Amino acid sequence: MIKGVLFDIGETLLTSLEPDKINQIILKEKDINKTPKQIRTATEKAEKEFIKRHAGKRLLAMELNNFYIEWDAEVYKQLGLKDAKKLGKYAHERWFEVAELKAYDDALPVLNRLSAMGLRLGVVTNGYFEEARYVLSETGISESLFAVVVGRDTTMALKPDPQPFIHAAGTMGLRPDECLFVGDDFIKDYEGAVGTGMSAVLLLRGKELPPEAPEDLNTAQTLDEVVNFIR
């Protein structure tokens, strides 16, 4: 029997512009013109360099501001830009101001409905704990709706690692098999949750199933449909 529902944040409860578009806008403010494709390519290269430089727990232990400033700086370095660190700091300051962050129309009504049904609610994100609290608050979703908010710095592990899922269930006083996880990423969210014994729903929101996903998995197009999986 499902007694708790856990949610991812990005593209599940909230949406925003794509990171490459946000970066394009921020760079344009500095009279630097780069295409989204150029930024995506630089981001892929930056990810490899960033992981190499901050391997393992050291990466997860980085403080929020330092992480994002260094991350953006690495992207700009891969774009061949001068003063990449200075640009990284500027991007961190401007990010949420240009991101067009907002809650999906179905997010708050469904959260309120599930709460009224007596279900315990929680959030498990690969973002930072304080970042999660900030974006929820900024989009009108009260943290009081959730029994637990788990960020990357809560367990020093990232989805699909089982630790964030297990920690969230335990904090709600539930076993994993009493929880349903809702997220938009097949590997990080769906497989990660199922691997701990949770039920899961892959939220598509108009997207097609990823090629690696089986056709018989639980899917929903909107959060309203998630209620059908509460058994």
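The values are calculated or read from the model by the stated rules, or taken from the named source; none is laboratory data. For clarity, every value in this text was computed on a predicted model and none was experimentally measured. Cβ coordinates were reconstructed from backbone atoms using ideal geometry, including for glycine residues, and neighbour counts include every protein chain displayed.
Number of residues in the stretch 148-158 that are in contact (Cβ under 8 Å) with a residue 60 or more places away in the chain and not aliphatic (A, V, I, L, M) equals 2. Residues that are on the phi > 0 side of the Ramachandran plot and among the hydrophobic types (A, V, I, L, M, F, W, C): does the stretch 149-158 have at least one? Yes; the residues of the stretch 149-158 include at least one that is on the phi > 0 side of the Ramachandran plot and among the hydrophobic types (A, V, I, L, M, F, W, C).
Counting only helices (runs of 4 or more DSSP H) that sit wholly inside the stretch 109-204, those with at least 3 residues that are crowded, with 19+ Cβ neighbours inside 10 Å and of a type in the set (A, V, I, L, M, F, W, C) are 129-138, 162-171. Counting residues in the stretch 37-54 that are buried (at least 16 other Cβ atoms within 10 Å of the Cβ) and in contact (Cβ under 8 Å) with a residue 40 or more places away in the chain gives one or more. Please indicate, with yes or no, whether at least one residue in the stretch 28-41 is among the acidic types (D, E), modelled with pLDDT of 95 or more and over 30 Å from R175 (Cβ atoms). Checking the stretch 28-41: at least one residue is among the acidic types (D, E), modelled with pLDDT of 95 or more and over 30 Å from R175 (Cβ atoms). The number of residues in the stretch 205-231 being under 23 Å from S115 (Cα atoms) and either assigned to a loop (DSSP other than H, G, I, E, B) or of a type in the set (S, T, N, Q) (or both) comes to 8.
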